[in-house]
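The values are calculated or read from the model by the stated rules, or taken from the named source; none is laboratory data. Everything numeric here is computed off the predicted structure, so don't read it as measured data. Every residue, glycine among them, receives a Cβ derived from its backbone with ideal geometry; neighbour counts consider all protein chains shown. Please note that ligands, DNA and RNA were not included when accessible areas were found on the heavy atoms of the full protein model with its side chains. Shrake-Rupley method; radii C 1.70, N 1.55, O 1.52, S 1.80 Å.
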Amino acid sequence: MCQVNGETFSPKLEPQIIHGKACVKCEKDSVIVVGTNGTFCRDCFEVYFSHKFRASMGRNPLVRHHDKVALAYSGGNNSSALLNLIIKGLDPATVKKLKFSPGLIFVDERILYPSDDHEKVKEIEEIMRNTGFPYHIVKLEEVFSTEDTNDQMTNAEKLEKLFNSITTLTSKQETLYRLRCCLLSHKAKELGYDHVFLGETSTRLAINILSNFSLGRGVHLPQDTGFSDGVRYEGVGVKLLRPMREMSMKEIAVYNALNKVPTVFLPNLATSQAVTSSVQNLTENFILGLVAGFPSTEMTVFRTSNKLHRKSDEKNSRGCCRLCFGAIDTECGTAQATALRHTLFSEAINSNQASSTYNDSSINIMDVPNLIQPLECHNQQVCYACRLLGKEVTQDGKDILFPPVVSTATHAEEPLSSNDIKNKLNGILLED
């Protein structure tokens, strides 16, 4: 399946009447089977769909009256359905009218896809203009700061060089997602918005959940799949919210078809790629294959993840990750029975440095933090998953993704605290 900014693209369809099955609400002919909730006719489905959106907002009352909210619009199915729901919710004739002020942000990523999509981008811009909402088009390369006057490369050159230096599609897709989220959060704050709405559905989140586990991001699940990303971008931008997380890809497609919602497809990194080309593509194929035979699969995976959290007494003493702004999960402490400590131990005894300095009898697993320092890039702390990602980036790309933080002091200093590091990093990737 093709994806646009994390959305799965499906061709336009015309819902057909399901003969022999009546709506569970009004006994009319049904047009859709919704998981285990039964069948719905057109009118009842629209009420059901709109209620799920409002209920998700009501259970998570983060958006207050007169807040300014930026919708991350890509032209795909998910963000188009969300835009249509917001337009209807702001209609004066609507019961319980939405009270926030919306705007639109489109991230132009064409620099990564050498194709002629100017007409499609113009079509997206026309859709945004017709809503009457304020809209903004930002280029992906704007994620890089222009503070460094000594850097001879433009932001566009930096972005191209970075992605050319990444060796696997898995890491390219992961890097793109993290940069896009960071850019949306920062730009929204810069433009005066209080929140950003993402169009991620339960289907997309179920895929992300399994992908994130595979990539070592299990500790970040509450931030990556929850209604809110919490305090991830605190000090850098605004919160990212997911009001569509209760809807499935199938429900989105039917809603768009019933309401003739205009959508635009733009190619991305996953377009025309093999199923086995990346962890994300393989996971998507696996989930969608299960959903075809067992419709409740995605909700089972999605709702199970809602119960997974870090220990409440676990303190994030090391600050946030340089790339994904998630919690640092590389504290081994004094415990020996940790996956991370054993992973680093295996790396240590197999590395050239370790083999030349130590012999098998002298290496102790508790000495791992002193043997190697793989948890930092250019004196910057990164989480376990971003450390693995960094292994699939050449040195030139690492200098862009993890620019060095150099101390100006001439004498020996104590190690920087997490707050000192965070303050130094705030102006490197993005200007605050």
Set the bar at 22 Å for Cα to Cα. Now go through 99/239; 25/52; 172/239; 239/398 and name every pair that lies beyond it.
172/239; 239/398
Computed E for residue 153/residue 294 - FRET, C-beta separation, R0 35 angstrom, nearest 0.05
0.10
Using a 1.4 Å probe and ignoring any ligands, DNA or RNA, find the accessible area of residue 168 and quote it in Å² to the nearest 10.
50
Could you look at region 247-286 and say what percent of its accessible area is carbon and sulfur, using a 1.4 Å probe and all protein chains?
64
Taking a label point 7 Å from the Cα of residue 396 along Cα-to-Cβ, the residues of region 155-175 whose backbone nitrogen sits under 18 Å from it are 155-169, 172
Dipole magnitude (debye, nearest 20) for region 140-283, charges at Cβ of Lys, Arg, Asp, Glu:
540
Taking only C-alpha pairs under 8 Å that are 6+ residues apart, what is the relative contact order of region 30-168 in percent?
18
Hey, what's region 28-95 come to in accessible area per residue, 1.4 Å probe, Å²?
45
Apportionment of accessible area to carbon and sulfur, region 85-213, percent (1.4 Å):
51
Obtain the nm distance between the two label points defined at residue 213 and residue 67 by a simple spin-label model: each point lies 7 Å from its Cα along the Cα-to-C-beta direction.
3.1
So with the 1.4 Å probe, I'd like the accessible area per residue for region 190-331, rounded to whole Å².
39
With all protein chains present and a 1.4 Å probe, how do 141, 234 order by accessible area, largest first?
234, 141
Once the Cβ-Cβ distance between residue 24 and residue 108 is put in as r, and R0 is 60 Å, what FRET efficiency do you end up with, to the nearest 0.05?
0.90
How big is the accessible area of residue 207 in square angstrom, nearest 10, if you roll a 1.4 angstrom probe over the protein chains?
0
Shape of region 152-200 from its Cα gyration tensor (a ≥ b ≥ c, root eigenvalues): rounded if a/c is under 1.5, otherwise prolate when a/b > b/c, or oblate?
oblate
For region 176-271, what class follows from the C-alpha gyration tensor (a ≥ b ≥ c being the square roots of its eigenvalues): rounded when a/c is under 1.5, otherwise prolate if a/b is larger than b/c, else oblate?
oblate
About its Cα centre, region 200-261 carries a charge dipole, from +1 on Lys and Arg Cβ atoms and -1 on Asp and Glu Cβ atoms, whose size in debye to the nearest 20 is 120
